[in-house]
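The values are calculated or read from the model by the stated rules, or taken from the named source; none is laboratory data. Nothing here was measured: the structure is a model prediction, and the numbers come from that model. Cβ coordinates were reconstructed from backbone atoms using ideal geometry, including for glycine residues, and neighbour counts include every protein chain displayed.
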Amino acid sequence: MPVTLAQAMQNAQTDYDAAVIDEFRTNPILDLITFDDAVNPAGGGGTLTYGYRRLVTAPTAEFRAVNSEYSPTEVTTQQFTTDLKVLGGAYQIDRVLAKIGPAASAEVALQSSQKIKAAKALFGDAVINGDSAVNADSFDGLKKALTGSSTEDTTTYDWSGTMDQAKAFFVLTTVDDLLAQLDGEAGALISNKKVIQLIKAAMRFANMYTTRVGPRDTTIVEYNGAVLVDAGFKAGSASDVVPITAKKSALYAVRFGLDAFHGVSTVGGSVVSAYLPDFTSAGAVKTGEVELGPVGVALKATKAAAVDTAIQVVP
């Protein structure tokens with residue numbers, strides 16, 4: 001049964017697990033994406049591969065004259081697979097340190113929250129830049145899936161310089177053209193903070209800027225129903241997930257759904273797992289872990305995602 005993190009939080013066994021899942025939901029991509037729990041880890045986890053067909057061409061229809069036949073045409077698909085991967089982190093705490101400080105800043109809470117932060121960053125990075133050919137322990141992301149596709153636009157769009165009304169309309173027109181590449185309503189526009197802030201500035205000029213409250217009092221901004229997502233930094237780094245290279249950056253548009261772009265998890269498994277240090281047994285130093293997975297992502301239709309690869313943001 002497909003599940004979102006919001007639904008998983010409602011089924012959590014403890015308040016701690018619910019809080020951990022809720023913290024993961026502050027990542028907009030994780031909050032928006034649906035996980036299809038379709039992979040059966042047979043053979044002790046030896047089979048963690050999800051196979052699917054990606055729709056490459058669109059279906060056609062036509063009128064026909066009486067006593068004539070339709071011209072037969074078929075859609076084209078390609079076979080793809082994605083391997084589910086596990087990500088997260090561990091921390092160790094001395095049992096003496098675990099008892100020091102107020103609950104909000106105690107060592108267990110601090111280390112756990114920071115591991116969640118790192119796991120969210122790593123997942124967001126893999127959704128965009130994941131490439132199993134570069135890192136065998138990662139799943140493939142959008143950049144790899146869209147490279148060379150019909151929805152990859154390599155045209156240079158100059159968004160740099162002072163924002164005025166003309167620039168604002170140009171920015172929003174570029175975004176509209178990107179959204180028009182999709183086969184349905186986009187769920188998210190994903191880039192770095194610079195690109196997202198330029199879209200927000202253009203929206204203010206067009207009197208389109210509105211916000212709403214997200215999980216844990218985060219602020220969500222939407223353009224034409226698509227959530228503006230700052231992909232943030234790579235885990236343990238100050239490098240953007242969507243970088244600015246040679247004054248240019250990229251903007252991704254994504255439609256979420258089981259027929260579009262979605263996550264993949266195991267049958268009956270928990271997408272998010274948290275393990276607290278066990279201080280009830282002997283041993284001074286105990287280990288805690290936060291884990292997301294096994295998970296992967298799948299792009300079921302080429303036109304379920306699109307990217308502008310050359311948006312100039314620096315003069």
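With the stretch 123-237 as the region, which strands (runs of 3 or more DSSP E) entirely inside it contain at least 2 residues that are buried (at least 17 other Cβ atoms within 10 Å of the Cβ)? Quick ask: steps written out before the conclusion?
Details: elements: 152-158, 188-191, 211-213, 219-223, 226-230.
Here the list reads 152-158, 188-191, 219-223, 226-230.
Taking into account only those residues within the stretch 238-253 that are aliphatic (A, V, I, L, M) and surrounded by 19 or more Cβ atoms within 10 Å (Cβ to Cβ), which is modelled with the lowest pLDDT? Lay out the reasoning, then the answer.
Filtering the stretch 238-253 for residues aliphatic (A, V, I, L, M) gives 238, 241-242, 244, 246, 250-251, 253.
Imposing the further condition that a residue be surrounded by 19 or more Cβ atoms within 10 Å (Cβ to Cβ) reduces the set to 241-242, 250-251, 253.
Numbers: 241: 91, 242: 94, 250: 97, 251: 98, 253: 97.
Per the stated criteria, the residue is 241.
Among the numbered criteria (1) under 20 Å from the mean Cα position of the chain (by Cα); (2) without any contact (Cβ under 8 Å) to a residue 60 or more places away in the chain, which single criterion is violated by residue 163?
Only one criterion is unmet by residue 163, namely (1).
Report, ordered by the first and then the second residue, all pairs with beta carbons closer than 8 Å, sequence separation of six or more or different chains, a first member in the stretch 201-214 that is under 18 Å from residue 163 (Cβ atoms) and in the same structural domain as residue 163 (by TED's automatic domain parsing), and a second member that is in a loop (DSSP other than H, G, I, E, B) and at pLDDT 90 or above.
Note: pairs meeting the criteria are 201/163; 202/163; 203/209; 205/163; 205/164.
Looking only at the stretch 297-312, count how many residues are modelled with pLDDT under 95 and more than 30 Å from residue 81 (Cβ to Cβ).
0
Conditions tested, residue by residue: (1) free of Cβ contacts under 8 Å to residues at least 60 places away in the same chain; (2) not assigned by TED's automatic domain parsing to the domain that holds residue 89.
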{"residue": "243", "(1), (2)": "yes, yes"}
{"residue": "252", "(1), (2)": "no, yes"}
{"residue": "265", "(1), (2)": "no, no"}
{"residue": "275", "(1), (2)": "yes, no"}
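If I filter the stretch 26-67 down to residues being part of a helix (DSSP H, G or I) and touching a strand residue (DSSP E or B) at 6+ places or on another chain (Cβ under 7 Å), which single residue comes out as modelled with the lowest pLDDT? Let's see the steps before the verdict.
Going residue by residue through the stretch 26-67, those that are part of a helix (DSSP H, G or I) are 28-32, 42-45.
Filter again for touching a strand residue (DSSP E or B) at 6+ places or on another chain (Cβ under 7 Å), leaving 28-29, 32.
Details: 28: 73, 29: 79, 32: 82.
Selected residue: 28.
Of all residues in the stretch 239-290, count the ones that are outside any strand (DSSP E or B) and more than 23 Å from residue 90 (Cα to Cα).
Here is the first cut: in the stretch 239-290, the ones outside any strand (DSSP E or B) are 239, 241-244, 246-247, 255, 257-260, 267-271, 276-284.
With more than 23 Å from residue 90 (Cα to Cα) added as a condition, the list becomes 242-244, 246-247, 255, 257-260, 267-268.
Total meeting the criteria: 12.
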